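Student: This is the structure, below, for whatever I ask next.
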Amino acid sequence: MNNDFGRRSFLRMAGGAAAAASIGGALTACGSDSGGSGGGRKVKLGFIALTDCASLVMAKELGYFAERGLDVQLIKQANWAATRDNLLNGQIDGAHCLFGMPFSVATKIGGNGSTDLKIAMILNNNGQAITLKKEFARAGDAGRAGRADLAAAKALLEQGPTTLAMTFPGGTHDVWLRYWLKATGADLSKAKIITIPPPQMVANMKVGTMDGYCVGEPWGAVAVQQGIGFTHLTTQDLWTHHPEKALVVNAAFAAKQDVLADVMGAVLKASKWLDDLGNRPKAAETIGKPNYVNAPAKDIESRLLGKYTMGGGLPDRAYTGDQMVFHRDGGTNLPRASYGIWFMAQYQRFGLLESAPDYKRITDAIILSDLYKQVAAKEGVAVPDDDMKPFEVKLDKAEFDPKRPELEVKRA
């Protein structure tokens, strides 16, 4: 997967994603209608069938939107490309969305260069996974110690052509997958990367479309429960407390700051509720319903609680505090410019961009940090002071300085 291969693949995938959006962009309204009239303050929020849509769903189901006079409709999206298009054309106001999507669109990897997709807040950290087919657990003993074995993964990848799936060009799952591939040191020209919508991952692996995939829960757990794959790497073991999904809004809705601020306040309240582990069984039951994630509550609940059956004969894992989190006493939700810079540096490092993007212009246009700080102050939520400070990525112990992204780009 050399640089030319990566660029060609992204162009093909972006075109395919756009086609999928035009074909499969139909919307399905979800959620109960018990939230009151909202006094004309109607908001349409999109989501994908993933566990980390929980803060939007629970803000709706627990009445947190309604208590602020909001009439919120949750609308299930066909795929991430449809989410992008429906945000940009105003079919929805905001969405549970990949943190990387606005940067992918702005850099023309997964869009037209627009900076109209704005990040209002982060919805969660952690809780994604790279799942490999069960045959890989026997060949090379990858991950046998319970954490990803990069040497074993390299041996697997170099055995022959490998097809791996992610969910959107330049999105979080794509970046986690490519970062892991780089860390293995394998000959990446033998890896083909394709785009598959999250709820379709398990079915595609079952019929042999790909050898592995990176996606959010519960689709890692479902592959294990169905005996078709094993969890090779959780993303909290790649980068602990990494940004994952964000509340992304379009420019028109971002201008309605009073309404957006109330949406954010309700989501912050739901995020706090979700980080009480005693509430997570109820959350799993709620979001597992057909109109939301449409997956068994037990598959959702176990990993929400940090209890991981890894599959493939691997020992079970228990995560405490570094499983999927939604609030972390305010540590989760601040939209950090440094994280956006990291994503764009990876795009260049992976060969998806030929030259450095305009980091400051793009992050200033996309990240609504001032609005978030105002909402956090009103809600009594502490705001971290760590933006633009260096941080470490756990998998390869690489330190990233957001003030010097060119150093990251030069890394092998």
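The values are calculated or read from the model by the stated rules, or taken from the named source; none is laboratory data. Source: prediction; values computed, not measured. Backbone-built Cβ (ideal geometry, glycine too); neighbour counts: all protein chains shown. Remember, those area values only see protein heavy atoms, side chains included, never the ligands or the DNA or RNA. Shrake-Rupley method; radii C 1.70, N 1.55, O 1.52, S 1.80 Å.
Student: Scan segment 106-138 for residues that are more than 26 Å from D387 (Cα to Cα), in contact with a helix residue (DSSP H, G or I) (Cβ under 7 Å, 6 or more places away or on another chain) and not in a loop (DSSP other than H, G, I, E, B) and jot them down.
Tutor: I130, T131, K133, F136
Student: Under the condition of being part of a helix (DSSP H, G or I), open to solvent by 10 Å² or more (accessible area, probe 1.4 Å) and charged (D, E, K, R), which residue from segment 171-192 is farthest from K410 (Cα to Cα)?
Tutor: If we take residues in segment 171-192 being part of a helix (DSSP H, G or I), open to solvent by 10 Å² or more (accessible area, probe 1.4 Å) and charged (D, E, K, R), then K190 is farthest from K410 (Cα to Cα).
Student: Let me ask you something else. How many residues does segment 375-405 hold that are open to solvent by less than 80 Å² (accessible area, probe 1.4 Å) and touching a residue at least 40 places away in the same chain (Cβ under 8 Å)?
Tutor: 18
Student: Quick one: in segment 154-179, which of the residues that are modelled with pLDDT of 90 or more and hydrophobic (A, V, I, L, M, F, W, C) is nearest to V248 (Cα to Cα)?
Tutor: By that ranking, first place goes to F168.
Student: Hey, D211 hits all of (1) closer than 30 Å to A191 by Cβ; (2) out of contact with any Ser or Thr (no Cβ under 6 Å at 6 or more places or on another chain); (3) open to solvent by 20 Å² or more (accessible area, probe 1.4 Å) but one; which does it fall short on?
Tutor: (2)
Student: State yes or no: is P335 assigned to a loop (DSSP other than H, G, I, E, B) and free of Cβ contacts under 8 Å to residues at least 60 places away in the same chain?
Tutor: Considered against the rule, which asks whether it is assigned to a loop (DSSP other than H, G, I, E, B) and free of Cβ contacts under 8 Å to residues at least 60 places away in the same chain, P335 comes out as no.
Student: Kindly indicate whether G94 is crowded, with 17+ Cβ neighbours inside 10 Å, at pLDDT below 95 and under 27 Å from V325 (Cα atoms).
Tutor: So G94 fails the test.
Student: Tell me the residue from N112, N86 that is touching a Gly at 6+ places or on another chain (Cβ under 8 Å) and farther than 30 Å from L277 by Cβ, please.
Tutor: N86
Student: Ok, one more. How many residues does segment 296-329 hold that are open to solvent by 10 Å² or more (accessible area, probe 1.4 Å), outside any strand (DSSP E or B) and among the aliphatic types (A, V, I, L, M)?
Tutor: Residues in segment 296-329 being open to solvent by 10 Å² or more (accessible area, probe 1.4 Å), outside any strand (DSSP E or B) and among the aliphatic types (A, V, I, L, M): 3 in total.
Student: Still on this structure, please answer the following. Tell me, which helices (runs of 4 or more DSSP H) lie completely within segment 228-282 with 3 or more residues that are in contact with a Ser or Thr (Cβ under 7 Å, 6 or more places away or on another chain) and in contact (Cβ under 8 Å) with a residue 12 or more places away in the chain?
Tutor: The helices (runs of 4 or more DSSP H) meeting that bar are 257-274.
Student: Do any helices (runs of 4 or more DSSP H) lying entirely in segment 1-88 carry at least 1 residues that are at pLDDT 95 or above and open to solvent by 40 Å² or more (accessible area, probe 1.4 Å), and which ones are they?
Tutor: Here the list reads 54-61, 80-88.
Student: For segment 287-315, give me the residue count where each residue is of a type outside the set (A, V, I, L, M), without any contact (Cβ under 8 Å) to a residue 60 or more places away in the chain and more than 28 Å from I75 (Cβ to Cβ).
Tutor: Of the residues in segment 287-315, 2 are of a type outside the set (A, V, I, L, M), without any contact (Cβ under 8 Å) to a residue 60 or more places away in the chain and more than 28 Å from I75 (Cβ to Cβ).
Student: Select from segment 270-319 the residues that are out of contact with any Gly (no Cβ under 9 Å at 6 or more places or on another chain) and small (G, A, S) and list them in ascending order.
Tutor: Within segment 270-319, A270, S271, G278, A283, A284, G288, S302, G313 qualify.
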